[in-house]
Amino acid sequence: MSTLPCAILGGIMTATMDINRERIAATEAVIRPHIRRTPLVQADLADFGLPAAPVTFKLEMLQHSGSFKARGAFANLLLRQVPQAGVVAASGGNHGAAVAYAAQRLGIPATIFVPDITSPAKAERISGYGAKLVIAGNRYADALAASEAHVARTGALAVHAYDQAETLLGQGSVGLELEQDAPGIDTLLVAVGGGGLIGGIAAWYAGRTRIVAVEPEQSPTLHAAFEAGTPVDAPAGGIAADSLAPRRVGALMFPIARSHVERVVLVSDEAIRQAQAALWSHLRLVAEPGGAAAFAALLSGRYRPAAGERIAVLVCGANTTAVNFDS
């Protein structure tokens, strides 16, 4: 049972109801000129030492700025009124890079707050896109608090990484593309941090495809929310902490997840590392830890598909220096 005041809970439910197939399709049409339609790769799980079965990888790490986050960033900047002070975002790295990229392309000033655990690859991307980069604290929650103070001082538009309707609508366009390009899948595995991606995708499919959430054991935000029946604070650590470790999942996505996400699978840091290595070794796909987490559920056996089950895996980010061409 939620402990939120009735007025706040009512506002959340109203906003959540507006995150639907019709609005996702309309948002996709707006952002389409600015984003890539990312490809699919068909493989066999036998390639990875698992029982033979087809698997489809959606390569969202090939999106602008290196992750799916560009979709939500453009949705915010194109659908909301941007003040002269520009935009501000708090991020573990990928959202900040996406907002910085979208702002650069649209000629909007941007300030991005990140914690000190943000990877050098992501920090360099943010600065490279011309945004002002500010290091604030050692966790996403610290960067978020600093960004909120900046908004209060300057009047800049806050672009939330996951708990904003336009963010979920933009991320939902991943589901639209996937359903069009791979209409026969039974199950989609999606990594979860704050839940903007899985919330948007689950709103698009609305129960027509099984959605399975995957989280690091050290950052079980949606798992904790499901157990409590409401978003609650959870640990925020592990190898994927710069992309999958907010303090809690978003209030807007939670009702969607409760209705349309079948379960949460937890994976170890070692399983994530092995998934990164396997994607590179067998498919030559580069994924950051958060980007490989969904596949880690399959590779580790934490999720075992049934006979004949048609599986898809979202590889959602590649902002990493794991492959170094200078060495």
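The values are calculated or read from the model by the stated rules, or taken from the named source; none is laboratory data. Just so it is clear, the model here is predicted, and its values are computed rather than measured. Cβ atoms come from the backbone with ideal geometry, glycine included; neighbour counts cover every protein chain shown. SASA here: full protein model, heavy atoms, side chains in, ligands and nucleic acids out. Shrake-Rupley method; radii C 1.70, N 1.55, O 1.52, S 1.80 Å.
Other residues with beta-carbon under 12 Å from the beta-carbon of residue 134 carry, at +1 per Lys or Arg and -1 per Asp or Glu, a net charge of -1. For the chain, the 222 nm mean residue ellipticity estimated from helices alone, with every DSSP H stretch of n ≥ 4 adding -39500 (n - 2.57) and the total spread over all residues, rounds to -13500 deg cm²/dmol.
In the chain, the longest principal axis of the Cα atoms and the axis of helix 69-79 are about 40 degrees apart. Computed over region 195-327, relative contact order equals 24 percent, with contacts defined as Cα pairs under 8 Å that lie 6+ residues apart. Applying 1/(1 + (r/R0)^6) with r as the Cβ-Cβ distance of residue 321 and residue 84 and R0 = 25 angstrom yields a FRET efficiency of 0.10. Packing-based ranking of 190-197, 28-35, 74-81 yields 190-197, 74-81, 28-35, ordered from highest to lowest mean Cβ neighbour count within 10 Å. Tell me which label goes with the value of log10 I(q)/I(0) by the Debye sum over Cα atoms at q = 0.10, 0.13 Å⁻¹ computed from the coordinates here: (1) -0.72, -0.93; (2) -0.50, -0.88; (3) -0.64, -1.07. Only one option fits the structure, namely (2). Please calculate the 1.4 Å probe accessible area of residue 270, with all protein chains present, and give it to the nearest 10 Å². Surface accessible to solvent at residue 270 totals approximately 100 Å². Share of carbon and sulfur in the accessible area of the chain stands at 52%, probe radius 1.4 Å. Heavy atoms of the protein chains alone define the surface here; on that basis the chain has 39 Å² accessible area per residue at 1.4 Å probe size.
Across region 117-235, the mean sequence separation of Cα contacts (distance under 8 Å, 6 or more residues apart), normalised by length, yields a relative contact order of 17 percent.
Please give the contour-minus-distance gain from residue 44 to residue 104: 0.36 nm per residue of separation, less the Cα-Cα distance, rounded to one decimal in nm.
Working: separation 60, 0.36 × 60 = 21.60 nm, distance 3.95 nm.
Contour length minus Cα-Cα distance gives 17.7 nm.
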